[in-house]
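J.: Starting off with a structure, shown below.
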Ligand SMILES: [Fe+2]
């Protein structure tokens, strides 16, 4: 695959200091003011000032300079303006107003263990104490985000966005919620980007991979013990993509997700994209999603271009 990873995102928020504090509590590592690293993906989140919260940039990693040339010609065919520097290519999606930057980047290497410490269907062989649970108060302090998994963004022109990302940048379609949401990948993850039909261009959420369900629970416990109002939706399991999830709200109104156990597409030939309908697509089990997950509370303010953060 020419594209192979998400490098990172830049988000714009009106309240930079409070938002930085949230992502420190989320257990990303702040390597410079407003720049956050995950354990395996490096620096993947930048938080900048913007008068209204929004997704400013998505960065994608490719294998070689030839891949960048291909992106330039593909975008050219769509009549999209492209900036080419020595090391990267960037262009703006007209549907989401997000700048997308493609750079040559090394692959994300993630260590794998052969045996898991979990019982599973037909495999109830774990003995003694569960080794994945925290052994000390220190270990119990939150989750450890391993990488940025995906970003979800509202588009006022999904046809234009789909063309831009699929035909222009080179994402692949994984699944669709009929006429409403398009799951796309630039790696072997089921989705790295979801474009959803919306009345305004906005960032719905970023999602961060953690090791397992216990890490999701530990992360939620740490975030919510400090401020219970951060809770949005969880704990549950999505249907499309299959990942376990728990969503939180940052002080600017963006959602941020811990996930684990996402579907993985190693061989494109063996994956058949499907068109899903209704709530079934959204989750297999868990509490019902709050109305504010489907339609964030500040959408009206965002549409009016007002300052929505508290
Ligand atoms: Fe998600």
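The values are calculated or read from the model by the stated rules, or taken from the named source; none is laboratory data. Everything quoted here is computed from the prediction, not taken from an experiment. Because the Cβ atoms are built from the backbone with ideal geometry, glycine has one as well, and the counts that use them run over all protein chains shown.
J.: Of all the residues that make up segment 225-250, how many are away from the ligand (no atom under 12 Å from the Cβ), crowded, with 21+ Cβ neighbours inside 10 Å and not in a strand (DSSP E or B)?
T.: The qualifying residues number 1.
J.: So which residues in segment 291-309 are farther than 25 Å from residue 17 by Cβ and within 15 Å of the ligand (Cβ to nearest atom), if there are any at all?
T.: 293, 294
J.: Further question: Any idea which of 64, 85, 90, 136 is under 17 Å from residue 186 (Cβ atoms), loosely packed, with under 11 Cβ neighbours inside 10 Å and away from the ligand (no atom under 16 Å from the Cβ)?
T.: The match here is 64.
J.: Looking at the structure I just gave you, is residue 168 at pLDDT below 95 and over 17 Å from residue 215 (Cβ atoms)?
T.: No, not satisfied.
J.: Another one. In this structure, does residue 203 turn out to be touching a strand residue (DSSP E or B) at 6+ places or on another chain (Cβ under 9 Å) and not in a strand (DSSP E or B)?
T.: When the stated conditions are applied, residue 203 does not pass them.
J.: Sticking with this one: Please find, among 106, 145, 117, the residue that is surrounded by 13 or more Cβ atoms within 10 Å (Cβ to Cβ), part of a loop (DSSP other than H, G, I, E, B) and away from the ligand (no atom under 16 Å from the Cβ).
T.: 117
J.: Does segment 198-219 include one or more residues that are over 23 Å from residue 97 (Cα atoms), away from the ligand (no atom under 16 Å from the Cβ) and either crowded, with 23+ Cβ neighbours inside 10 Å or within 13 Å of the chain's Cα centre (by Cα) (or both)?
T.: Among the residues of segment 198-219, at least one is over 23 Å from residue 97 (Cα atoms), away from the ligand (no atom under 16 Å from the Cβ) and either crowded, with 23+ Cβ neighbours inside 10 Å or within 13 Å of the chain's Cα centre (by Cα) (or both), which makes the answer yes.
J.: Within segment 163-186, take every residue that is touching a residue at least 60 places away in the same chain (Cβ under 8 Å) and in a loop (DSSP other than H, G, I, E, B) and give me the one that is surrounded by the most Cβ atoms within 10 Å (Cβ to Cβ).
T.: Ranking the qualifying residues of segment 163-186, first place goes to 186.
J.: Quick one: which of 19, 96 is over 15 Å from the mean Cα position of the chain (by Cα), in contact (Cβ under 8 Å) with a residue 24 or more places away in the chain and in a helix (DSSP H, G or I)?
T.: Being over 15 Å from the mean Cα position of the chain (by Cα), in contact (Cβ under 8 Å) with a residue 24 or more places away in the chain and in a helix (DSSP H, G or I) holds for just one of 19, 96, which is 19.
J.: Within segment 43-93, track down each residue that is touching a helix residue (DSSP H, G or I) at 6+ places or on another chain (Cβ under 7 Å), in contact (Cβ under 8 Å) with a residue 12 or more places away in the chain and assigned to a loop (DSSP other than H, G, I, E, B).
T.: Result: 52, 78, 80, 93.
J.: Also, I was wondering about something else. Take segment 264-281 and flag every residue that is in contact (Cβ under 8 Å) with a residue 24 or more places away in the chain and either in contact with a strand residue (DSSP E or B) (Cβ under 6 Å, 6 or more places away or on another chain) or under 14 Å from residue 239 (Cα atoms) (or both).
T.: 264, 273, 274, 275, 276, 277, 280, 281
J.: So which residues in segment 137-170 are in contact with a helix residue (DSSP H, G or I) (Cβ under 9 Å, 6 or more places away or on another chain) and farther than 25 Å from residue 111 by Cα?
T.: Correct list: 153, 154, 155, 164, 167, 168, 169, 170.
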